[in-house]
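The values are calculated or read from the model by the stated rules, or taken from the named source; none is laboratory data. For clarity, every value in this text was computed on a predicted model and none was experimentally measured. In this analysis, Cβ positions are derived from the backbone assuming ideal geometry, glycine residues included, and neighbour counts consider all displayed protein chains. Surface accessibility is based on the protein's heavy atoms, side chains included, excluding ligands, DNA and RNA. Shrake-Rupley method; radii C 1.70, N 1.55, O 1.52, S 1.80 Å.
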Amino acid sequence: LELFHGPTLAFKDVALQFLGNLFSYILSRSGSKLNILAATSGDTGSAAIAGVRGREGINIFVMHPHNRVSAIQKLQMTTVLDANVHNIAVEGTFDDAQNIMKSIASDLDFKRKFSLGAVNSVNWARVLAQIVYYVYAALQVKNSTGSEAVRFCVPTGNFGNILAGWYAIQMGAPIGQLILATNRNDILSRFFNTGVYSLGAVSQTISPSMDIQVASNFERYLYYKFDSDPAVLREKMKSFAHSGSLTTPVESETVTDSLFAAGSAGEKATRATIGKYYREYDYVLDPHSAVGVTVAEALSLGDSPVICLATAHPAKFPEAVREATGKPGVGSHPAIAALEGLESRCVVLPAEEEAVRKFIAETL
């Protein structure tokens with residue numbers, strides 16, 4: 001399921017092009033302004049910028065981990081010079097940037113004073129828009145194969161994309177199971193195999209958009225695991241913030257949730273999958289999509305069709321693709337080539353909430 005045919009060549013365009021238009025529509029009716037604060041591990045930032053660049057009444061501040069996104073992901077963000085776009089390289093990890101974003105958003109006085117909003121997948125409208133392609137694809141494959149229920153394999157970092165699939169199941173879509181695929185940052189796959197959500201250190205990999213430990217959308221799923229009780233969830237998340245671990249009710253000794261299968265793929269296996277699909281099928285996978293295909297091949301037992309989500313165009317990760325295929329220039333794209341040599345603009349800040357607050361306040 002190729003979801004990378006938008007302006008920034010990533011699946012996040014599907015929701016963020018919609019969201020940019022939705023923001024403009026609402027702001028034009030109310031006459032108000034919106035200042036967006038976002039954190040990105042690579043793709044969300046450029047897709048969010050593309051969705052709102054140049055739009056009247058909107059400013060966007062995007063934090064990315066300094067030197068921890070691909071060179072092309074950085075160019076896609078920092079070469080957008082519209083006056084309403086502000087890029088911040090945070091000297092830390094994506095989790096640091098996301099924690100700063102969530103902490104600032106929880107300060108309601110600051111949020112109201114500066115009219116702050118969000119475009120990260122913590123914004124419900126993004127998850128809402130993503131439900132659509134699960135329903136559409138499931139029905140397409142069901143109608144063409146006669147299968148009663150298909151399975152989806154989703155390369156997963158912040159849990160927002162696969163959560164949309166889970167909601168699609170709750171709405172009655174003909175989906176039998178979701179296969180969750182992680183890279184070495186495997187907190188989510190470990191959870192679905194053990195029932196324990198246990199924090200580890202962030203590892204830098206060839207699939208940087210998945211280099212995440214604390215997945216913000218996972219709280220939405222946990223809400224249902226704790227019988228839709230917000231008070232219990234709040235206490236569990238407080239405890240997790242302190243101890244770095246939490247457990248949930250499980251379906252059985254061997255199954256955490258029968259709607260999910262889960263696995264992880266290391267970089268060697270990911271490269272091998274990219275190379276295999278290029279040699280055998282003349283198809284070029286990006287390293288994130290390849291994580292999903294690797295795990296899907298390992299877990300796709302039975303006869304039901306498996307739809308693998310292709311979340312980014314391979315041109316965004318030329319080094320990983322070159323290493324895997326042994327050939328430079330494989331899977332190129334003219335939009336990526338056009339970025340070379342463009343002027344860029346970005347400020348580098350320490351991974352401190354106060355520094356980001358100050359920058360927002362002074363800029364506005």
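Which residues, counting only those in the range 259-283, are buried (at least 20 other Cβ atoms within 10 Å of the Cβ) and either over 30 Å from R322 (Cα atoms) or touching a Gly at 6+ places or on another chain (Cβ under 8 Å) (or both)?
If the condition is that a residue be buried (at least 20 other Cβ atoms within 10 Å of the Cβ) and either over 30 Å from R322 (Cα atoms) or touching a Gly at 6+ places or on another chain (Cβ under 8 Å) (or both), then F260, A261 are the ones that fit.
Name, by its number, the condition in (1) on the phi > 0 side of the Ramachandran plot; (2) open to solvent by less than 20 Å² (accessible area, probe 1.4 Å); (3) of a type in the set (G, A, S) that does not hold for G31.
The one condition G31 does not meet is (2).
Run down T256, T247 and say which single residue is polar (S, T, N, Q) and open to solvent by less than 50 Å² (accessible area, probe 1.4 Å).
Within the list T256, T247, the selection yields T256.
Any residue in the range 289-299 that is assigned to a loop (DSSP other than H, G, I, E, B) and on the phi < 0 side of the Ramachandran plot?
no
For the range 206-225, name all the residues that are of a type in the set (A, V, I, L, M, F, W, C) and open to solvent by 20 Å² or more (accessible area, probe 1.4 Å).
I206, V214
Looking at the range 130-148, which of the residues that are in contact with a helix residue (DSSP H, G or I) (Cβ under 8 Å, 6 or more places away or on another chain) and more than 17 Å from L3 (Cα to Cα) is most open to solvent (accessible area, probe 1.4 Å)?
Here the residue is E148.
I need the full set of residues from the range 244-256 which are touching a strand residue (DSSP E or B) at 6+ places or on another chain (Cβ under 9 Å) and not in a strand (DSSP E or B), in order please.
Residues satisfying the conditions are G244, T248, T256.
Kindly indicate whether any position in the range 320-343 is part of a strand (DSSP E or B), out of contact with any Ser or Thr (no Cβ under 7 Å at 6 or more places or on another chain) and modelled with pLDDT of 95 or more.
No - not one qualifying residue is present in the range 320-343.
Looking only at the range 309-364, filter to residues that are in contact (Cβ under 8 Å) with a residue 60 or more places away in the chain and small (G, A, S); which one of those is most open to solvent (accessible area, probe 1.4 Å)?
Checking each candidate, the answer is S344.
Check off (1) in a helix (DSSP H, G or I); (2) at pLDDT 95 or above; (3) touching a helix residue (DSSP H, G or I) at 6+ places or on another chain (Cβ under 9 Å) for I307 and give me the number that stays unchecked.
(1)
With the checklist (1) farther than 23 Å from S103 by Cα; (2) surrounded by 23 or more Cβ atoms within 10 Å (Cβ to Cβ); (3) out of contact with any Lys or Arg (no Cβ under 8 Å at 6 or more places or on another chain) in hand, flag the one item G42 doesn't pass.
So G42 meets the others, but not (1).
Regarding the range 289-302, can at least one residue be identified that is closer than 30 Å to Q130 by Cβ, modelled with pLDDT of 95 or more and acidic (D, E)?
Looking for residues that are closer than 30 Å to Q130 by Cβ, modelled with pLDDT of 95 or more and acidic (D, E), one finds at least one in the range 289-302, hence yes.
Restricting to the range 45-73, and then to whatever is touching a residue at least 60 places away in the same chain (Cβ under 8 Å) and open to solvent by 30 Å² or more (accessible area, probe 1.4 Å), can you tell me which residue is farthest from P155 (Cα to Cα)?
N59
Need the failing condition index for A361 against (1) at pLDDT 95 or above; (2) of a type in the set (A, V, I, L, M, F, W, C); (3) closer than 19 Å to S207 by Cα, just the number.
In the conditions (1) at pLDDT 95 or above; (2) of a type in the set (A, V, I, L, M, F, W, C); (3) closer than 19 Å to S207 by Cα, A361 misses (3) alone.
Mind listing whichever residues of the range 248-286 are among the hydrophobic types (A, V, I, L, M, F, W, C) and touching a Ser or Thr at 6+ places or on another chain (Cβ under 7 Å)?
Hits for the range 248-286 are V250, A262, A265, A269, I274, L285.
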